[in-house]
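Report on the structure given below.
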Amino acid sequence: MKAKLLFAGLFLPLAFLAQQVQWASKVIDYSSQFDTKGYSANQVLGKPSCMPKGGDNPNTWSPSKKTPKEFIKVGFSKPMKIQQVIICEAYNASAVTKVELFDASGKAYKVHKGKPKLIDGGARMLYVKFPMTEYEVVAVKITVDLAWNGKYASLDAIGISESADEWIPKPVIATDVNFVSQKENLGENVNSTYDELLPVISPDGKTLFICRDDDPKGKGGQDIWVSELQPDGKWGKATNPGEPLNNSKPNFVCSVTPDGNKIIVGGVYQTEGGKGISYSMKGSRGKFEMPSKLPIKNYYNKNDYNEYCMANSGKYILMTVERDDTYGDKDIYFSMLLDNGEWSEPVNIGNVVNTASGETSPFLAADDKTLYFSSAGHMGYGSNDIFMTRRLDDTWTNWSEPVNLGPAINTPEWDAYYTIPASGDYAYFTSSGKTIGGIDVFRVKLPKEIKPDPVALVSGKVYNQKTREPLKANISYILMENGKEVGVATTNPTDGSYMISLPFGKKYGFSASAPGFIAVNENLDLSDLKEYKEVTRDLYLVPIEVGQTVRLNNIFFESGKWDLLPESYMELDKLVKVMNENPTMEIEIEGHTDDVGSDAANLTLSRNRAKSVLDYLVSKGVNAARIKSNGFGETKPIADNKTDDGKALNRRVQFTISKK
């Protein structure tokens, strides 16, 4: 079924605004239909999908019979006086022999009668014009003759207009898109005389995974190859990582996490290429290990092909598969990570994006909101074009009307497999024009109109605070406003490095965790982030040992007061959990201030803030005998009080482990 007419922001279709065309909104009757999904009568509803190129496309109505009187009758949501009917003939054009209008009483008015004849191109826009009707039109009936040449015919859309101006089909593209450079082939270090497919760029923009087809140096028909960005800005010679990522079956990378420590790959390796999806972790020697199956509830795919993309948050996976509720061929579905480590049953993201044609190669940008995909089911320049849509809420089934990325990226051929780093500076994609082989990887510098929203790429290392040695740990980040966990990651097992991407407009708390350690939490305010930003934050884990001190960075008070603000509860709940997991551990809570104000006032403030933390822990069931609190005012600074940054460091609440 066609996507509903949804318009958002700068993605308004200019042709639609210039001329008020009303497209059919319901099917009243029809003679026959080729199928119940693709080529069905409902496919004629809404705006055109495959014009002006036309062709054999499942997003059109095709009668199943070849009689002289095949017909379809459609209705319109708003009755109106008109002087034109617009018929998009996608295949075997000129088969239309009669056009009738209907008023509210059901009376028919014949406005066109013709004989079928061959025309060049096979597709056309038929404009049936007449004097302005004196009645309001509520329905239109189109009759086609399929007996005269024995061929099928397809209608893409039927519209009515109060204007006699001809409506010209044009892809819906973002307004004012201005590419400052042409797309460029990545050259012989990446591309070869063989087909390069499925490019996946790491969020930091430094590693490019590709799938190369039929290279005799590989392990099988399709292998994973990897290229690294060099200091001079050029891509290094692509290499084949060999086993275990590559075997005799088709192998390809679907996604790479921001830290580069985990990749999502197609297939199920334990069954030598079984349908599904797997993940591989980077081992201690920097090599990816044998992929393990990603468990997705009730996963099945009736199609021979599939693609996947994991969100940078690690919480969602988008996939193109064919299932019972698919609109035609493959559709885009989403699955979310559950608390037990499994993934939820796939859910169709809806018919604003999905069509009767096969959607393919979904890529979710680092903002976790902007989705790029390839389809033949939306008006474009070739057989498959790349489109962009934005997620409008947290249901993952509400999306903006897809917009075409335009002729700088899309060609008259088949375009797909689009990927961009977190910075959003370049888009990487495959194309078949001006290539070294059949299909190559290209890139183009992106204008702001089709970039995703800005993110901060946060990186650093996780250390043992006592020994300063790097640690293997899990990373979690939450929204400060409600404590919801919105992303997860892991550190590199060798050097403890991590990397996460945080979308703009929110305040985040993030921390690392490992057995036997207490996390020192950090926070980052991205409320006013306007452009891509890179942030370095090392994280420290405190061993659970007597004498170790932990600073509570994510607890908050109003200025000069000691009542805990709600944003503090998440941090303190983690401490409650640590106390429960270590039932013999005892702590001493300390409050400290900067030197603003009197000594006596600061001493009182620090003592009361420490006491507020103690009271909260006790209210959550921690035995009061295990906790002591005290305040030291401004007497124990850890930084210079002459600067704002120094004062901020001195204003702190921390605890020291007094008994393990």
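Quick rundown of the values:
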| item | result |
| --- | --- |
| Selection status of TYR152, free of Cβ contacts under 8 Å to residues at least 60 places away in the same chain, in a loop (DSSP other than H, G, I, E, B) and out of contact with any Cys (no Cβ under 9 Å at 6 or more places or on another chain) | no |
| Enumeration of residues in the stretch 382-409 that are in contact (Cβ under 8 Å) with a residue 40 or more places away in the chain and assigned to a strand (DSSP E or B) | ASP385, ILE386, MET388, ARG390, TRP399, VAL403, ASN404 |
| Subset of the stretch 6-39 that is open to solvent by less than 50 Å² (accessible area, probe 1.4 Å) and either out of contact with any strand residue (DSSP E or B) (no Cβ under 7 Å at 6 or more places or on another chain) or of a type in the set (Val, Ile, Thr) (or both) - its residue that is modelled with the lowest pLDDT | ALA8 |
| Selection within the stretch 472-483 - open to solvent by less than 30 Å² (accessible area, probe 1.4 Å) and either of a type in the set (A, V, I, L, M) or more than 24 Å from ASP528 (Cα to Cα) (or both) | ALA473, ILE475, ILE478, LEU479, MET480 |
| Some residue of the stretch 327-337 being in contact with a helix residue (DSSP H, G or I) (Cβ under 8 Å, 6 or more places away or on another chain), touching a residue at least 12 places away in the same chain (Cβ under 8 Å) and not in a loop (DSSP other than H, G, I, E, B) | no |
| Subset of the stretch 77-99 [assigned to a strand (DSSP E or B) and either closer than 13 Å to GLU136 by Cβ or among the polar types (S, T, N, Q) (or both)] | SER77, LYS78, PRO79, MET80, GLN84, THR97 |
| Only listed residue being open to solvent by 20 Å² or more (accessible area, probe 1.4 Å), closer than 30 Å to ALA174 by Cα and within 28 Å of the chain's Cα centre (by Cα), chosen from VAL441, VAL486 | VAL486 |
| Index of the failed condition, ASP393 passing every other in (1) open to solvent by 10 Å² or more (accessible area, probe 1.4 Å); (2) modelled with pLDDT of 85 or more; (3) in contact with a strand residue (DSSP E or B) (Cβ under 8 Å, 6 or more places away or on another chain); (4) on the phi < 0 side of the Ramachandran plot | (3) |
| Only one of ILE518, ILE555, ILE589 that is assigned to a strand (DSSP E or B) and more than 22 Å from PRO470 (Cβ to Cβ) | ILE589 |
| Search result, residues across the stretch 100-122 that are under 45 Å from the mean Cα position of the chain (by Cα), farther than 11 Å from ALA139 by Cβ and either open to solvent by less than 50 Å² (accessible area, probe 1.4 Å) or without any contact (Cβ under 8 Å) to a residue 12 or more places away in the chain (or both) | ASP120, GLY122 |
| Extreme residue, nearest to ILE587 (Cα to Cα), among residues of the stretch 619-633 that are assigned to a loop (DSSP other than H, G, I, E, B) and open to solvent by less than 40 Å² (accessible area, probe 1.4 Å) | VAL622 |
| Search result, residues across the stretch 193-211 that are open to solvent by 20 Å² or more (accessible area, probe 1.4 Å) and either of a type in the set (Gly, Ala, Ser) or part of a strand (DSSP E or B) (or both) | ASP195, LEU197, LEU198, THR207 |
| Candidate set: the stretch 489-514, residues that are in contact with a Gly (Cβ under 9 Å, 6 or more places away or on another chain) and aliphatic (A, V, I, L, M); chosen: the one most open to solvent (accessible area, probe 1.4 Å) | MET499 |
| Residues (over 17 Å from VAL200 (Cα atoms), touching a strand residue (DSSP E or B) at 6+ places or on another chain (Cβ under 9 Å) and open to solvent by less than 40 Å² (accessible area, probe 1.4 Å)) located in the stretch 216-237 | GLY218, GLY221 |
| Failed condition for LYS466, given (1) part of a strand (DSSP E or B); (2) among the basic types (Lys, Arg); (3) more than 20 Å from the chain's Cα centre (by Cα) | (1) |
| Failed criterion for ALA427 (all others in (1) open to solvent by less than 30 Å² (accessible area, probe 1.4 Å); (2) under 26 Å from ASN492 (Cβ atoms) hold) | (2) |
| Residue, modelled with the lowest pLDDT, within the stretch 396-417, restricted to residues that are open to solvent by less than 10 Å² (accessible area, probe 1.4 Å) and over 14 Å from ILE173 (Cα atoms) | ASP415 |
| Flag for VAL596 being out of contact with any strand residue (DSSP E or B) (no Cβ under 6 Å at 6 or more places or on another chain), modelled with pLDDT under 95, farther than 16 Å from ASN521 by Cβ and not in a strand (DSSP E or B) | yes |
| Selection within the stretch 415-454 - among the acidic types (Asp, Glu) and part of a helix (DSSP H, G or I) | GLU449 |
| Inter-residue pairs, beta-carbon under 7 Å, first open to solvent by 70 Å² or more (accessible area, probe 1.4 Å) and at pLDDT below 95 and in the stretch 634-659, second part of a loop (DSSP other than H, G, I, E, B) and not acidic (Asp, Glu), 6+ apart | LEU649/ILE638; LEU649/ALA639; ARG651/THR593; LYS659/VAL546; LYS659/THR584; LYS659/MET585 |
| Every residue from the stretch 334-368 that is within 14 Å of TRP396 (Cα to Cα), of a type in the set (Asp, Glu) and surrounded by fewer than 19 Cβ atoms within 10 Å (Cβ to Cβ) | GLU345 |
| Positions within the stretch 518-552 being under 25 Å from VAL576 (Cβ atoms), among the hydrophobic types (A, V, I, L, M, F, W, C) and open to solvent by less than 50 Å² (accessible area, probe 1.4 Å), in sequence order | ILE518, ALA519, VAL520, LEU524, LEU539, LEU541, VAL542, ILE544, VAL550, LEU552 |
| Checklist (1) of a type in the set (Ser, Thr, Tyr); (2) part of a strand (DSSP E or B); (3) farther than 18 Å from THR467 by Cα applied to SER527, failing item | (2) |
| Cβ-Cβ under 8 Å pairs, at least 6 apart or on other chains, the stretch 587-602 side more than 30 Å from VAL576 (Cβ to Cβ), far side buried (at least 19 other Cβ atoms within 10 Å of the Cβ) and small (Gly, Ala, Ser) | ASP599/GLY633 |
| The listed residue being acidic (Asp, Glu) and within 29 Å of LYS47 (Cα to Cα), out of ASP339, ASP304, ASP259, ASP329 | ASP329 |
| Close pairs from the stretch 44-67: first within 15 Å of GLY358 (Cα to Cα), partner of a type in the set (Asp, Glu) and open to solvent by 50 Å² or more (accessible area, probe 1.4 Å), Cβ under 8 Å, at least 6 apart | PRO58/ASP35; PRO58/ASP329 |
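The values are calculated or read from the model by the stated rules, or taken from the named source; none is laboratory data. No experiment lies behind these values; they were computed from the predicted model shown. Neighbour counts are summed over all protein chains in view; Cβ atoms, including those assigned to glycine, are modelled from backbone coordinates with ideal geometry. Just so you know, the surface numbers come from the protein's heavy atoms only, side chains and all, with ligands and any DNA or RNA stripped out. Shrake-Rupley method; radii C 1.70, N 1.55, O 1.52, S 1.80 Å.
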